[in-house]
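Each remark here refers to the structure printed beneath this line.
The values are calculated or read from the model by the stated rules, or taken from the named source; none is laboratory data. Keep in mind the model is a prediction, meaning the values are calculated, not measured. Using ideal geometry, Cβ is built from the backbone for each residue, glycine included, and neighbour counts are taken over all protein chains shown.
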Amino acid sequence: MINLLKAEFTKIRKEKTFLISLVIVIVASILISFLYLGLELMVNNQAIEEIPLIEFTGKGIFLGSFSPTQNVGIIIPIVLSMIITREFSYGTIRNKVISGHNKITIFLSITIVNLIIGLFLFLVNILSSLLFGSLIMGYGTAFTANEILFILKTIGLGLLIYSSIVMFTILIAMTVKSLGPTLIIVILSLLFLGLIGSLNQIPGVPNSIEIFISIIPSYQLINLANMNTDLVLKSTIMAIVLNVVFVALGIYIFNKQDLK
């Protein structure tokens, strides 16, 4: 396992895909900050009416960066799909099996490395949005000890919830093994879940539907700022359960595949 992990990390360090995606994440954060600035100027000049659900501050940009269906949130699964499916198209995984490596250790090594990559890119996105958003727009709230604690708790919970989306992407990529179908399944799934997660904004939604929606990662990520203790606990448990299920299912499917 250790040797496989070292090999995976060495390969990723040499991958242009990872470096390019890192640059894209940072540039996207800067562009979004300027986009918010432009929208604020148009609202102030009454060129357009005030846009609902948008807070024109660094804090608003920071919280918006957690959305899994916009900008970087959906770029990361695309990057991971490219990295993982390339393992199959290049015959790398087949060579590992032929070399005598256990399928479980192969799956886990790829999963661990890509989970770290996905969460690292997501963290860079969050921190870049917080930094550039605050520099360009102003954070909007005083940096008190409570506010700093809020930022740290939001980042920690956001990373945990987003890890289930990363794990889902890894599962699909390792199962389908082809880039095109993987992207179709992952992107459509994220958009569908994002749509369901926004149903609570419709007036008169039954409480039972609201409870169901609250377990969806996309809903949890876009409502990080408004979470009570119950929703934090529910989000934490749900993320852990989903990750365990995705890993177990992935190992089972990968073991059944004929890779030689």
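Among the conditions (1) among the aromatic types (F, W, Y); (2) out of contact with any Phe, Trp or Tyr (no Cβ under 6 Å at 6 or more places or on another chain); (3) under 29 Å from L242 (Cα atoms), Y162 misses just one, which is (2). Mind listing whichever residues of region 226-237 are over 17 Å from the mean Cα position of the chain (by Cα) and either farther than 16 Å from T154 by Cβ or in a helix (DSSP H, G or I) (or both)? The answer is N226, T229, D230, L231, V232, L233, K234, I237. Pairs are defined by a Cβ separation below 8 Å, a sequence spacing of at least 6 or placement on different chains, a first member in region 55-68 that is in contact (Cβ under 8 Å) with a residue 24 or more places away in the chain, and a second member that is outside any loop (DSSP other than H, G, I, E, B) and among the charged types (D, E, K, R); the pairs so defined are F56/E40. Can you pull out every residue in region 245-258 that is more than 9 Å from S164 (Cα to Cα) and in a helix (DSSP H, G or I)? Answer for region 245-258, where residues must be more than 9 Å from S164 (Cα to Cα) and in a helix (DSSP H, G or I): V245, V247, A248, L249, G250, I251, Y252, I253, F254, N255, K256.
Using the structure shown, decide if D258 is over 22 Å from the mean Cα position of the chain (by Cα) and more than 20 Å from I84 (Cα to Cα). Considered against the rule, which asks whether it is over 22 Å from the mean Cα position of the chain (by Cα) and more than 20 Å from I84 (Cα to Cα), D258 comes out as no.
From (1) within 14 Å of the chain's Cα centre (by Cα); (2) in contact (Cβ under 8 Å) with a residue 60 or more places away in the chain, pick out the condition that doesn't hold for G250. Single failed check for G250: (1). Residues of region 69-91 being more than 14 Å from S178 (Cα to Cα) and either in contact with a His (Cβ under 7 Å, 6 or more places away or on another chain) or surrounded by fewer than 21 Cβ atoms within 10 Å (Cβ to Cβ) (or both), which ones? Across region 69-91, the qualifying residues are T69, Q70, N71, I74, I75. Residue check: is G133 of a type in the set (G, A, S), surrounded by 18 or more Cβ atoms within 10 Å (Cβ to Cβ) and touching a Ser or Thr at 6+ places or on another chain (Cβ under 7 Å)? Yes, satisfied. Of all residues in region 75-107, those satisfying the criterion of being outside any helix (DSSP H, G or I) and within 18 Å of M1 (Cβ to Cβ) are S99, G100, H101, N102. For F9, indicate whether it is more than 19 Å from the chain's Cα centre (by Cα), at pLDDT 85 or above and in a helix (DSSP H, G or I). No: the conditions fail for F9.
Could you name every one of the helices (runs of 4 or more DSSP H) located completely within region 118-214 that has at least 2 residues being modelled with pLDDT of 95 or more and within 22 Å of T57 (Cα to Cα)?
Result: 145-176.
If you go through region 215-244 and keep only what is of a type outside the set (D, E, K, R), without any contact (Cβ under 8 Å) to a residue 40 or more places away in the chain and either farther than 10 Å from S164 by Cα or buried (at least 16 other Cβ atoms within 10 Å of the Cβ) (or both), you end up with I215, I216, Y219, N223, N226, N228, T229, L231, L233, I237.
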